[in-house]
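Working notes, beginning with the structure itself.
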Amino acid sequence: MVVATSPVDLSGLGREERVTELRRRLAAMPGGGAPAAVRAQAPAGPASVVSAPSAPAAPAAPVAPAEAAEIVVPGVAVPGSVAPLLPGGVLPAGRVTAVSGSATLRVGLLAAATAAGARCAVVGWPELGVAAVAEQGGRLDCLALVPDPGPDPAAVVSVLLDGLDLVLLGPGVAPVAPSRARVLAGRVRAAGAVLLVGAGWPGAELTLAGRHCRYGGLGAGAGRLASVSTVVRCSGRAAPARTAEWVAAG
């Protein structure tokens, strides 16, 4: 069953009233599992067990590299075809990632994140069709919408980061000044959350760019759109750019 999410109306509210309303709505959202900040603080391996002294044991055989435990990067789930492009196969917690190009990519990221139980919010994107998120398997009860954040979207984002795993700024939200972006990046790190911004945002550590390359299900002047193929390119400060093709349901 699809549970619809209602937009958060902040029009006509002062700053303190906006903060109060946002926190009230956050408290009403389902838990969806531990927040990204909690996952980031989880121990990397199983806890050691303390037992009574016993006879000396034989030295343990060295562990081959292939048998070593895989390093888990805390973060938010992404579509399967996009995962190999990212560190640890997730949108890394505590980082700012820029998303540009295809709106389908943004919708797909929201769908994958909410399907995995992450609590997400979309700020400043009134044109977003939540039906598209649901069609790709997303959970709408894990999604908060703030279509009109007012004159200071960054202030709204700062409040949302305290209680959510991922906040996405709509493609029409203008970048802030570098000094403001650094403050917001600090909030993202402290919260252990993920912030998705648009192209040109100062200080973004990763960039995901999507471009439609093929449409499935359409014939010569007839047919129904069944899928949309998107070429996704991931680039970052310290890693070479990589690309993959991701197919989303139409």
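Taken together, the values in this text are just the output of simple stated rules run on the coordinates, not laboratory data. Since the structure is predicted, the reported quantities are computational estimates derived from the model, not experimental observations. Cβ coordinates were reconstructed from backbone atoms using ideal geometry, including for glycine residues, and neighbour counts include every protein chain displayed.
What to note about this one:
- Selected residue (criterion: farthest from residue 92 (Cα to Cα)) from residues of the range 176-205 that are in contact with a strand residue (DSSP E or B) (Cβ under 6 Å, 6 or more places away or on another chain) and part of a helix (DSSP H, G or I): 185
- Scanning the range 127-182 for residues that are among the β-branched types (Val, Ile, Thr) and either touching a helix residue (DSSP H, G or I) at 6+ places or on another chain (Cβ under 6 Å) or touching a residue at least 60 places away in the same chain (Cβ under 8 Å) (or both) gives 130, 133, 146, 156, 159, 167, 173, 176.
- Of all residues in the range 162-186, those being surrounded by fewer than 22 Cβ atoms within 10 Å (Cβ to Cβ), under 18 Å from residue 118 (Cα atoms) and of a type outside the set (Asp, Glu) number 1.
- Per the listing 109, 105, the residue uniquely in a helix (DSSP H, G or I), out of contact with any Gly (no Cβ under 9 Å at 6 or more places or on another chain) and in contact (Cβ under 8 Å) with a residue 12 or more places away in the chain is 109.
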